[in-house]
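Bear in mind that the values in this text are calculations on the coordinates, not laboratory data. Keep in mind the model is a prediction, meaning the values are calculated, not measured. As a convention, Cβ positions derive from the backbone with ideal geometry for all residues, glycine included, and neighbour counts pool all protein chains shown.
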Amino acid sequence: MSIIEVKNLIKKFKTKDGEFTAVNNVSFSVLKGEIFAFLGPNGAGKTTTIKTITTLLHPTSGEIKLNGFDVVLNSNEARKSFGIVFQDPSLDDELTAYENMEIHGVLYNLPKDLLKKRIEELLKFVELWDRKDDFVKNFSGGMKRRLEIARGLLHHPKILFLDEPTLGLDPQTRNHIWSYVKDLNIKEGITIFFTTHYIEEAEKVANKVAIIDKGKIIILDYPQNILEKTNAKSLEEAFISLTGHSIREEGADSLDKMRLKRRFGRR
Amino acid sequence: MKAVYILWLRQIKRYWRSKSRMIGSLAQPLLFLLAFSFGFGPIFQKAGGGNYIEFLTPGIVGMSILFTAIFSGVELIWDKQFGFIKETFVAPVPRYQIILGRILGGATVSSFQGFLVFLISLLFGFKITNFFSLFFGFVFMFLIAFAFTSLGTAIASALDDIQGFQLIMNFLVMPTFLFSGAIFPLNNLPEFLKFIAQFNPLSYGVDGLRWALISNSHFGGIFDLFVLFGVSVVLVGIATYIFSKMEVK
């Protein structure tokens, strides 16, 4: 049974000199319990896709269903089905970790005593319970990301969206985060949808991979099948043979740096 | 409606914790009270205007509410910049509740700020005539706060970054303050300024405060109340409309 269904999704942005198509007729579905990776270079349309699926952007055309609910027609039901960790932080820095969790719980209408229990459980899970009364502005990048994961899980979502969840984190914290995510998938059966431009993450973590480039899905399959189809030894090779370029070129590095600056350098 | 409450509470907490902001925004009204009451007071009295501090206090209270309210509304830009807006936009809560929580929070904070200025004016010799009028004073303080927080929120919903901020300050907030009758009476103004003041919501706010606090009014207190209420409804409507159409890039 598929829990995410996307049919012919198109998202265009108006620009000064006309229109820009960020997502160009993308269709895919994700089965319940899968770990699904959206792999592609910067600017491929990954974040736009995730933002459109999660109701932050309105689709130009196409149909999106989450847990059976149409995100345009029945957005509130669709919103209850997922949790999300954004690429850039979305916490209130002036509040404590606990208060951030509390706001989320109230917005998702959790009963008070359940909320208390759940906050404790999750903050312990991401090892932030002893820092619960600290202001988020004093947290490191990795701690903020862990807090966002805990927050995204508060309302027992069926799907967890992760947009470049490890961008800008050190290798140790990265491993840490992936072990949380895999744990959730196995123990609670949560469907995971993540975007990344790190090939090794897609390779290691995902059951299924969609490779996206210039707004289009080029291939969608189990990693093993992708390798067989392209006759490649690694996803990296497969990516090059499918797109004709490597995943990290044309100034992607400087873009990375810019994003990092935006993420950590604001305050 | 729990969502409205928690987002209201968030604004209150943020305000209460940032004491520097609280004190900082008291400095300006304090300065105005000091400079104007001692500077213009004697001239005002000689010209037959009566006690200037009585006349000035509702104006300065109105001014401080105007400033704080516009800023609380515009704070929405920070939520866009720092990402918190996304957290509220993916939540299963109708957009009008999100914006209502924000506006009520901002309005509460700015009317409280106005109340603090009012307390300070007592030190300058402002006298409360009766407590019934004080009640209407609070009603006007809240309405001014509500109307201008809505205005600030509407502007912030339409803007993408803080570049336009200085523009708002110079072309919207200052004229609104200066041409509202906050520091001088409207009835002796040249016709074209009188005309402008008629379209300024703050004119009715300040006039309403004067009506409530010192029983002196240009337009009439009940009329002020209706105008301000109407303006608030229209502005909150506009803000909600822009806000619900908003996308998060």
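In this rough spin-label picture, where each label sits 7 Å from Cα along the Cβ direction, the residue B:27-residue B:13 distance is 2.8 nm.
Just check the range B:80-213 against the gyration tensor rule for me: Cα atoms, a ≥ b ≥ c as the square roots of the eigenvalues, rounded for a/c under 1.5, and otherwise prolate or oblate depending on whether a/b exceeds b/c. Note, shape of the range B:80-213 comes out oblate. Between the helical axis of B:95-123 and the longest alpha-carbon principal axis of chain B there is an angle of about 30 degrees. Where only DSSP H runs of four or more residues are counted, the protein assembly as shown gives -18500 deg cm²/dmol as its mean residue ellipticity at 222 nm, each run worth -39500 (n - 2.57).
The calculated FRET efficiency for the pair residue B:192 and residue B:169, based on their C-beta separation and a Förster distance of 25 Å, comes to about 0.55.
Shape class of the range B:14-96 from the alpha-carbon gyration tensor: prolate, with a/c at 1.5 or above and a/b greater than b/c.
Each listed q (0.06, 0.10, 0.13 Å⁻¹) maps to a log10 I(q)/I(0) for the protein assembly as shown, found by the Debye formula over equal Cα scatterers with no solvent: -0.36, -0.83, -1.17. Placing a label point 7 Å from the Cα of residue B:127 along the Cα-to-Cβ direction, the residues of the range B:40-59 whose backbone N falls under 20 Å from that point are B:41-59. Output the 0 to 90 degree angle, nearest 10, between the alpha-carbon long axis of helix B:52-74 and the longest principal axis computed from the alpha carbons of chain B. The helix B:52-74 is inclined about 10 degrees to chain B. Along its three principal directions, the equivalent ellipsoid of the range B:145-249 from the Cα gyration tensor extends over semi-axes of 29, 17, 10 Å, largest first. Return the FRET efficiency for the residue pair residue B:135, residue B:242: r is the Cβ-Cβ distance, R0 is 51 Å, and the value is rounded to the nearest 0.05. Given R0 = 51 Å and the Cβ-Cβ separation, E is 0.95.
Note on chain A: with a GNM built from Cα contacts shorter than 10 Å, the maximum mean-square fluctuation among A:79, A:151, A:131 falls on A:131.
Of all the options B:220, B:59, B:181, the one that moves most in a Gaussian network model of chain B with Cα springs shorter than 10 angstrom is B:220.
Out of every Cα-Cα pair that the range B:2-245 contains, those further apart than 25 angstrom amount to 41 percent. Pairs over the 32 Å Cα-Cα cut-off, from the set A:12/A:80; A:144/A:204; A:124/A:229; A:11/A:187; A:51/A:116: A:124/A:229; A:11/A:187.
Of A:107, A:90, A:172, whose Cα points farthest to the positive end of the dipole of the range A:20-172 (charges on the beta-carbon: +1 Lys, Arg; -1 Asp, Glu; origin at the Cα centre)? My answer, from the dipole projection, is A:107. Centre-to-centre, using Cα atoms only, the range B:209-231 and the range B:3-51 are separated by 20 Å. Can you tell which of B:13, B:127, B:46 shows the greatest fluctuation in a Gaussian network model of chain B with Cα springs below 10 Å? Answer for the Gaussian network model of chain B: B:46.
The lysine pair count for the range B:2-245, using Cα distances under 24 Å and pairs eight or more places apart or on different chains, is 11. Label sites at residue A:117 and residue A:170, each approximated as a point 7 angstrom past Cα along Cα to Cβ, lie 3.8 nm apart. Contact order normalised by length for the range B:2-245, with contacts defined as Cα pairs under 8 Å and 6 or more residues apart; what percent is it? So the answer I get is 27 percent.
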